[in-house]
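Working notes, structure below.
The values are calculated or read from the model by the stated rules, or taken from the named source; none is laboratory data. These figures come from a predicted structure and were not determined experimentally. Heads up, the Cβs are rebuilt from the backbone with ideal geometry, glycines too, and the neighbour counts pull from every protein chain shown.
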Amino acid sequence: MIHTTKNLRININTRIRASQVRLIDENGKQVGVVPLSRALDAARGAQLDLVEVAATVKPPVCKIMDYSKYKYEQEKKERDAKRKSHIVHLKEIKMSPKIAEHDYQTKLAHLRRFLERKDRAKVTMFFRGREMAHVDIGRGILDRLVKDLADVGEPESVPKMEGKLLIMKLLPK
């Protein structure tokens with residue numbers, strides 16, 4: 001019987017193709033390199049399965065264990081790891097240097113919510129036409145944002161000009 005777990009082939013019992021295996025008994029003690037038939041007999045005698053745990057080494061490492069219990073524990077570990085992981089998203093806010101105070105406060109609230117959820121945030125200040133002559137106004141607004149968000153986030157790097165855009169990324173604290 002061949003079982004796959006996340007692109008990992010696990011051979012058990014008679015599916016093991018090596019003539020000799022490095023055997024680990026049910027207590028975790030290394031028995032040594034033995035013929036496959038003797039390892040299978042030992043597994044049957046213990047009423048357990050012979051599981052190939054390291055197929056790439058010569059000779060392959062096989063362990064005597066209850067395969068269904070092993071599979072259950074592996075799946076449980078994967079579920080726990082999935083539950084504890086947090087996917088970090090990059091959220092983007094766009095604004096102009098002519099932003100009104102109310103709009104600034106709204107975008108500030110959105111950024112605060114993103115950073116409190118442990119997501120990264122990207123603030124893009126876009127300049128149109130003659131506004132390019134006043135990049136310092138945009139930098140001033142971004143500096144104010146950093147100061148207003150100091151309790152929940154910090155800038156990843158200094159604001160950078162990319163064409164007509166002034167871009168700054170924020171990291172959650």
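Can you tell me how many residues within segment 96-138 are on the phi > 0 side of the Ramachandran plot and of a type in the set (A, V, I, L, M, F, W, C)? Summing the residues that are on the phi > 0 side of the Ramachandran plot and of a type in the set (A, V, I, L, M, F, W, C) in segment 96-138 gives 0. Within the span defined as segment 31-41, one or more residues are of a type outside the set (Asp, Glu) and out of contact with any strand residue (DSSP E or B) (no Cβ under 9 Å at 6 or more places or on another chain). Within segment 37-62, residues that are in the same structural domain as Arg15 (by TED's automatic domain parsing) sit with their Cβ atoms under 6 Å from residues that are in a strand (DSSP E or B) and of a type in the set (S, T, N, Q), at 6+ positions apart or across chains, in these pairs: Glu52/Asn11; Pro59/Gln20. Of note, Lys91 does not satisfy the criterion of being surrounded by fewer than 16 Cβ atoms within 10 Å (Cβ to Cβ) and charged (D, E, K, R).
Here is a yes/no grid of residues against (1) without any contact (Cβ under 8 Å) to a residue 12 or more places away in the chain; (2) closer than 30 Å to Gln47 by Cβ; (3) among the β-branched types (Val, Ile, Thr):
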site	(1), (2), (3)
Tyr70	no, yes, no
His102	yes, no, no
Gly129	yes, no, no
Asp148	no, no, no
Gly153	no, no, no
Lys160	yes, no, no
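Within this structure, Leu23 passes the test of being among the aliphatic types (A, V, I, L, M), part of a strand (DSSP E or B) and over 28 Å from the mean Cα position of the chain (by Cα).
A residue that is out of contact with any Cys (no Cβ under 9 Å at 6 or more places or on another chain) and on the phi > 0 side of the Ramachandran plot occurs nowhere in segment 68-87. Among the conditions (1) small (Gly, Ala, Ser); (2) modelled with pLDDT under 95; (3) assigned to a helix (DSSP H, G or I); (4) surrounded by fewer than 12 Cβ atoms within 10 Å (Cβ to Cβ), Ala150 misses just one, which is (3).
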